[in-house]
Structure formats: C-alpha cells, structure tokens
Amino acid sequence: MKSKSKRPQTGYNKRGAKDIREAADWCASQNIEEIECMVPDLAGVARGKIMPVRKFIQVGSMNLPLSIFYQTITGDFPDLEGIVGTVQSDTDVFLRPDFNTLSVVPWANDPTAQIIHDAFLPDGRPVEESPRQVLRRVLKLYHDKGWKPVIAPELEFYLVEKNIDPDYALKPPTGRSGRPETGRQGYSISAVNEFDALFEDMYEYSESQGLEIDTLIHESGVAQMEINLRHGDPLELADQVFMFKRTIKETALEHDIYATFMAKPMALEPGSAMHIHQSVLDAQTGNNLFSDPKTGEPTEAFFHFIAGQQKYMPAITSLLAPYVNSYRRLTRGSGAPVNTHWGYDNRTAGLRVPPSDAENRRLENRIPSSDANPYLAIAGVLATGYLGMIEANKPAAPVDTDMSEVPSGDMPYSLIQALIKMERSEPVAEILGQQFITAYSRVKQHEYETFMRTISPWEREFLLLSV
C-alpha cells in the first residue's frame, strides 16, 4: 500500500468550501500541492485536468473541448453532424468549480485535492449535454413547485481477481484466508471480513472525503458487495456516488484486486444494481408529501409519483441501463426486476415501497444498474416521478406475487430499443433537454455499433460449424 504519511491530517472540514478564498485557505492549511479538476462525462468518467494548486487559485476555472460530452466508453466519437458539428465540438467550454465538492484525494502519494466542475458555454449558458446540468435541470422543476426531493442510493459491485486479458472470464479474488469464495454468501459477515483490510481503507478514504456510508453488506453474488449511502440532496448524493466509485476502485487496486460496477460481470452470478430510494418533501415545512400530516396515510401525490415512474420508465431505461451488458442483468429469472409493476415490500417488482413509518415513506426504484451514471439515473427517476405528479397519473394496482418471470410488455429488452423509446417520448425530452437526448442517443448508438463488431465465443461455439 501507499504510504499515508503525506496525506492531509484529520481535524479539518472534510468536504466543501464557500468560495475561492476559503478553498485557498484550506489548501494552504493542508499543504495541498495539486488539485484534480474534474467534470463527469456521459459515462460518469472523470474528465479534466490536474494542475498545481497555485494555478488553480489564480485562474479559478479551466477550459476543455465540448467533445468531452460526446466521447464514448471506448474513447471514440460518434458522427456529430446534425448535433454540434465537428468544428464546434472542438471549441472550448468553461468549467467552473463547485466549491461544495472540494475534498482530498486520500489515495494520492502527495497531498492532493479534487473538485467537481460545472460546464458553461462562452455566453454563460450551461452545457445541456453535461450530466450534472441534466440533474440540475430536473431539480429546478421541483424547486419551482416548492418541492424538495430526497434520495438514497444503494450501490452494488463485485470484487474480482485482476484480469488483464479480456478474453478470460472474471474470477473472485482471494481473501485473507487464502481462498476465494466458492459459493454465494449473501449477508455473510465472515465473507465481508475476508477483505477487512480493504474495507478499513475504504472507510478511511470515504470519511476523509465526506462520503456518508450508511451500511456495508455482502450481496448474493460471489464477492459481491453493497454500499448504502445516507439519504440527502440528489445532487450531493450523485456527487458522492461519483466519488465513491473512484474510491473503491482505487482502494481495490491498492490491494491488488479490481472492483467493478459492470451490471453483469459474471455470467452465472447475479447482476449489480443501483437501487434509488426517493421521497419528496415540502420545501417550507419539511413534511413528506407522500404522507398525510394528520392521518399518516399515503397521499394522492405518492400514488401519482409511482404512476409517473410506471408510465415513463421505458423512456428512461437507457439512462438506468446504459450499456449492452446492462441488459444481461435485466432478464427473466435473473433476480433483477424486468417490469414496471409496484408493490409493498415486493422485491420482484421494479418499484418497491419499503416498510416505513409515515415520515419516511418512500419509493425504491430497483431497475437501475450499478454501471449507470448516477447523475443521469437520479435525474431520470425524479423526472418520471415529477411527470406523474403534475399529470396526476393513476398507478396500476400493487402486486404481491412473484413478478420475476413476468416482464412488462413496454419495457425495453435491449439498448437500441431503449434509445428508441427515449427519443419518442416528448415529455421526457422536454424535461431532460432535447440537446442532451440527441447527444446521449448518438453516443450510445455508436457504442452499440462498436459492440456489434465483436464476435463472441457463443457465436463461434454454436454457429461456426452448425449453420
């Protein structure tokens, strides 16, 4: 492991500053030498620049080409004609730091800080293709209604043995016992303890960044874990998921293994999800709009919220399941929901109402995969709930039976089908922004076309000599 002697000490504000002056004072007090200036792209990958802290304090912002929001997961770019054009894609956008996100980079050798930026055009308008702006756009709709959404993400991931040859299947890593898991150990404490050293570092790194981890459990897959983050503001929680993904990957590398958020990394193991719990408060009173303040019973707003997610889920599925691999998780009998049904404490439904008191009444959306960009997944589910509330939609009856083998007829079963449904939904495009919808669809179509150039082992095994 890297030496921790150069890392900032405890006893400071772990996360956030009011302005550039406070940020400068904090960096000086912690002897920060460099700062990672980041912006999340469509995939949720950190793009940006690393600069000396002195330069960051002097310039206060940075420039990058608009094309960072059109880069595919393979590093390619789709045809940009009809969207922005090749020339415009190479023009600069201006990235301004959100000082609320300032924190240390605890795994760095030298004292280093990190900060997330928002993207703006030269005329001052936000870049509509930026995932952070997409979420801000949705949150403004709630703000204008006097509503305050609250979310809590649950993030599943696998620990796997290092794999440098993509032609070989992934394997579970060796724990402290010297043996890898050979069977599923759902909720096992001892199976988590196999990686105590890794998780101790993970907790230390998370705490130093102000990431509020609620619980850690072993999920049902071999070496599959789940981290629950404490509920709070959607933008702040999206930032925390973005930062946590970096944190656990870096921590795992220090322990000579990988952490992966692929939706379906191993064929015979369950997929990994990012379940999103949601509620909506009255911004002035703080009361949960999903519960009647006098009786404690669920309100019409609660059922409208559910109905909106039922109605518009197919149109946002590409945000919740953004890759070809994502749809390997969303299959019948896989343990993941393949429907838009809802029910009380029914985990086979795509939408689950967990047991709770009136104050904590909420809806859990179980469709998103852990590979989803947290900004876009959260924006998507909140957008559909908002549409349900303003349209006063009525939900279908709740289900209390096993729905794992009962897909909804309108749920997309492939990335291309999901993109088509998104492009055809005018209400979703109006909320998320047509520029973003077009950009996202073009990038995902290019990724799909790249995937289709790869010949799989299944094709060689069953088609080579049989057709």
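All of the numbers you see were taken from the coordinates with simple rules; none came from a lab. Computed from a predicted model, the values in this text were never measured in an experiment. Counting neighbours? That spans all protein chains shown, and the Cβs are built from the backbone with ideal geometry, glycine included.
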**Message:** Placing unit charges on C-beta atoms (Lys and Arg positive, Asp and Glu negative, everything else neutral), compute the dipole magnitude of the chain about its Cα centre in debye, rounded to 20.
**Reply:** 180
**Message:** With unit charges on the beta carbons (Lys and Arg positive, Asp and Glu negative) and the dipole taken about the Cα centre of the chain, which residue among Phe242, Trp147, Asn100 sits farthest to the positive side?
**Reply:** Asn100
**Dipole of the range 340-427, positive direction: furthest Cα of Asn346, Gly409, Tyr375, with charges on the beta-carbon** = Tyr375
**Message:** Apply the Karplus curve 6.51 cos²θ - 1.76 cosθ + 1.60, θ = phi - 60°, to the phi angles in the range 334-351 and return the couplings in whole Hz, x for Gly and Pro.
**Reply:** 8, x, 9, x, 10, 8, 10, 5, 9, x, 7, 6, 10, 6, 8, 8, x, 10
**Request:** Evaluate 2.2 N^0.38 Å with N set to the residue count of the chain, then give the Cα radius of gyration divided by it.
**Result:** 0.98
**Fill in**
Between Glu254 and Arg230, the FRET efficiency computed from the C-beta separation at R0 = 41 Å comes out, to the nearest 0.05, as 0.95
**Asked** How big is the antiparallel share of DSSP beta bridges in the chain, given as a percent to the nearest 5?
**Response** 85
**Item:** Distance in nm between pseudo-label sites at His143 and Thr174 (7 Å out along the Cβ direction from Cα)
**Value:** 5.3
**Fill in**
Calc'd 3J(HN,Hα), the range 228-239, phi into Karplus 6.51 cos²θ - 1.76 cosθ + 1.60 (θ = phi - 60°), Hz, glycine/Pro = x, comes to 9, 9, 5, 5, x, 5, x, 5, 5, 5, 4, 4
**Item:** Check: the range 36-121 dipole with +1 on Lys, Arg Cβ and -1 on Asp, Glu Cβ, in debye
**Value:** 420
**Prompt:** How many angstrom lie between the C-alpha centres of the range 130-201 and the range 400-467?
**Reply:** 23
**Prompt:** Residue by residue, what Karplus-based ³J(HN,Hα) values in Hz, rounded to whole numbers, does the range 282-297 have, using 6.51, -1.76 and 1.60 with θ = phi - 60° and x for Gly and Pro?
**Reply:** 6, 4, 8, 8, x, 6, 6, 5, 7, 10, 5, x, 8, 9, x, 7
**Request:** Would you please give the residues with an amide H less than 5 Å from that of Val93, counting only those at least 5 places away or on a separate chain, with H modeled from the backbone geometry?
**Result:** Leu64, Leu66
**Prompt:** Based solely on its DSSP helices, what 222 nm [θ] is calculated for the chain when runs of n ≥ 4 H residues each add -39,500 (n - 2.57) and the sum is averaged over all residues, nearest 500 deg cm²/dmol?
**Reply:** -10000 deg cm²/dmol
**Item:** Relative contact order for the chain, counting Cα pairs under 8 Å that sit 6 or more residues apart, in percent
**Value:** 16
**Complete:** For the range 202-259, the Cα-Cα pair-distance distribution in 5 Å bins from 0, as whole percents, is 4, 18, 27, 26, 17, 6, 2
**Asked** Under 16 Å Cα-Cα from Lys171, which lysines qualify once same-chain neighbours fewer than 8 residues away are excluded?
**Response** Lys162, Lys264
